[in-house]
Every structure is written in C-alpha cells, then in structure tokens.
Amino acid sequence: MPALVSILIPCYNAAPWLPATLESALGQTWPNCEIIVVDDGSKDDSLAVARPFAARGVTVLAQANRGASAARNAALRASRGEWIQFLDADDLLAPDKIERQLSRRADLGGDFMLAARWSRFAGAPESAPFTPEMLCRDADPVEWTVLKLEHHAMMHPAAWLTPRALAERGGPWDEGLSLDDDGEYFTRLVLVSGGVRYCPEAISLYRSQVSGSLSTSKSNAAWASALRSIESTTARLLAREDSPRTRHACAVAAQRLIYEAYPAAPDMRRRAKRLAAGWGGAKVAPLGGAKFQRLSRFIGWRLARRVQRMLGP
C-alpha cells in the first residue's frame, strides 16, 4: 500500500476559491490521499460549499473562529497520514505535485523537508510567472534558514510536503501567531530536519491579492506577531549554530522588520532595534518596489514609507 498523504485545508471565508482548491486535492495522481477541511468559523458560505465534497471522501470539520494555526492543528490531529500536505483554501496543487515529491523522496535517506516549485497568481492560474525563488533549492537546515532571514524570503505552505515524524518532532502550529505563522512553523521544522530537498517538477500555486489576507495586515497585533515569529526562529537557529553568519542573519531579519513596519508599532520597532543591536547590527537598505526606491532617493526612506502607507504600494 502506498504511503498515506494527509491533505489538510484550513478554511476561513474562502467560498469563491474553495471548490478549485478541493478539486486540485482530489485530482492528485498519488493513489492514497485523505483530505480534511477545517472551517474556522467562516462568515460566508465556505462550510456550505465544502459539505457536498464529503460525498467524494473529503472530511469536513467545523470549529468556532480561532485562527488559521488552530484550524491547521485541528486538521493535523484528525489526520492519519505518514506525510502531511498543508493547503490553504485558496491555493492550488498541480495534479502530480505529491507524486513528484514522493518519487524524489524514494532516492533520499534521512528526514528531509520536501519543497516544490511555486509561483504567485492573482487571476488565472495559467498566468503564474514562475520566477526563480530564493528558497527553492537543496540546503542544509542552517544554510536554508540563513537565506530566509537574510533575504526576507518566503515559501508558501502548499510548497512543502512534510514527514509526519518531523511534524511531531517540531511541534504544533503556534496558535498565538497570526502574521508569519507559516514562516515560523516551517522554519522550525526545517531546523529539526536533515535539510530541504527541492523537486522542481512538483508545482504549487499561491493565490495573492486576496482581500483581507493576513499577509497584508498592518495592525499592531500583526506586527507583534511578526516579531514573535522572528524571536522564535532566531532562538532556534542560534541554538543550532551560534556563529557570525547566523547572528548577522538574525540582525538582518530584525532590521528588515523595523523598515517594513515603519511608522507603525513603535514599541515593537524599539524592541526589534534592541535585538538587532544585540546580534551585532546589520547595515541593510529598506526593501520596497521601484516606486518606493525612487522616492527614497529623493526624500529618504522614512518619508517615502509614510507616503507609501498613505497612497498604497
């Protein structure tokens, strides 16, 4: 019997996109999958959209609204698979995504996190550009984490395929986090793994520009969550290797958060500044699009950021 893969879908107000997401899960060529949807107290028709899929073998659970991390933990507790595929309710998997990754796993020894090629899309999935992503590579745990922190890089949840043994070793999702809960979780698993192994033939798609997405949140609570994510990740990284390169990566991550949040969350920014200084500081420029960079050259990054906040990206 092929290994059972659990496809776990947290859902909140995703009714317009959920059918396509479920079809992409049901269409996997890997022959032994279970699919679990946890509706996290949606205010739209998500639960009504999900329930008819039970006739096709999808397990549909519902809970009061507790956040995406709590929904993922609930799905994980209900699952039985040897492998875990997290899939947000508006994202997509290519039909052979899981099969491709497990085919590569057959050639590997040790406990690895398996990463797929991925791209953002906003309209038709066929429009996804598939530009190279910094973290899509084979890497040891420290190397991968340093790259993530140094370059403010991300991997969306569906790109990963995780052995259950690593999920259990790394621990559950942190339900106290909102912004960057996925970054903290998967980096934590990478740091208890043998490393990342990349399969470019496996593909997942990340839907962006979704109204109300946590990734676009600018509240003080969201910024506090982002700092807590950095504190968790940096503590685990330094526990594994405390060296000039890892300290620099930690300082860069804290400094970039200061730039990103400005002028919001002054208390969080002061705390991040102390952390960066404690790790030796980092001379890095603020990140931003072409408009922001052009404006920064004339009026400075602080005023440019304020203008950006007023006018939008």
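The values are calculated or read from the model by the stated rules, or taken from the named source; none is laboratory data. Model, not experiment: these values are computed from the prediction. A quick note on method: Cβ atoms are made from the backbone with ideal geometry, for glycine too, and the neighbour counts reach across all protein chains shown. The area values use the complete protein model at the heavy-atom level, side chains included, leaving out ligands, DNA and RNA. Shrake-Rupley method; radii C 1.70, N 1.55, O 1.52, S 1.80 Å.
Taken over the range 170-184, the criterion of being closer than 19 Å to ALA89 by Cβ and either open to solvent by 30 Å² or more (accessible area, probe 1.4 Å) or part of a loop (DSSP other than H, G, I, E, B) (or both) is satisfied by TRP173, GLU175, LEU177, SER178, LEU179, ASP180, ASP182. Evaluate the following for ALA167: is it touching a Leu at 6+ places or on another chain (Cβ under 7 Å), open to solvent by less than 50 Å² (accessible area, probe 1.4 Å) and under 21 Å from ARG77 (Cβ atoms)? Spelling it out, ALA167 is indeed touching a Leu at 6+ places or on another chain (Cβ under 7 Å), open to solvent by less than 50 Å² (accessible area, probe 1.4 Å) and under 21 Å from ARG77 (Cβ atoms).
When restricted to residues that are closer than 16 Å to HIS156 by Cβ, assigned to a strand (DSSP E or B) and touching a helix residue (DSSP H, G or I) at 6+ places or on another chain (Cβ under 6 Å), the range 187-201 contains 2. For the range 286-295, taking the residues that are assigned to a helix (DSSP H, G or I) and in contact with a helix residue (DSSP H, G or I) (Cβ under 6 Å, 6 or more places away or on another chain), the one that is surrounded by the most Cβ atoms within 10 Å (Cβ to Cβ) is identified as LEU295. Here HIS156 does not fit the description of being in contact (Cβ under 8 Å) with a residue 40 or more places away in the chain and open to solvent by 30 Å² or more (accessible area, probe 1.4 Å).
ALA222 - would you say it is under 21 Å from THR145 (Cα atoms), open to solvent by less than 40 Å² (accessible area, probe 1.4 Å) and out of contact with any strand residue (DSSP E or B) (no Cβ under 7 Å at 6 or more places or on another chain)? No: the conditions fail for ALA222.
Quick grid of which residues meet (1) open to solvent by 70 Å² or more (accessible area, probe 1.4 Å); (2) part of a loop (DSSP other than H, G, I, E, B):
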{"position": "ALA235", "(1), (2)": "no, no"}
{"position": "HIS248", "(1), (2)": "yes, no"}
{"position": "ALA253", "(1), (2)": "no, no"}
{"position": "ALA264", "(1), (2)": "no, yes"}
{"position": "ASP267", "(1), (2)": "yes, no"}
{"position": "ALA272", "(1), (2)": "no, no"}
{"position": "GLY281", "(1), (2)": "no, yes"}
{"position": "ARG297", "(1), (2)": "yes, no"}
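Residues that are open to solvent by less than 40 Å² (accessible area, probe 1.4 Å) and among the basic types (Lys, Arg) within the range 299-313 comprise just one, ARG305. Among the residues of the range 230-270, those identified as of a type in the set (S, T, N, Q) and in contact with a helix residue (DSSP H, G or I) (Cβ under 6 Å, 6 or more places away or on another chain) are SER232, THR233, THR234, THR246, GLN255. Of everything in the range 81-129 that is open to solvent by 50 Å² or more (accessible area, probe 1.4 Å), in contact (Cβ under 8 Å) with a residue 60 or more places away in the chain and not in a helix (DSSP H, G or I), the residue that is nearest to ALA70 (Cα to Cα) is GLU82. Is at least one residue of the range 203-211 of a type in the set (A, V, I, L, M), part of a helix (DSSP H, G or I), at pLDDT below 95 and surrounded by 14 or more Cβ atoms within 10 Å (Cβ to Cβ)? Within the range 203-211, none of the residues are of a type in the set (A, V, I, L, M), part of a helix (DSSP H, G or I), at pLDDT below 95 and surrounded by 14 or more Cβ atoms within 10 Å (Cβ to Cβ).
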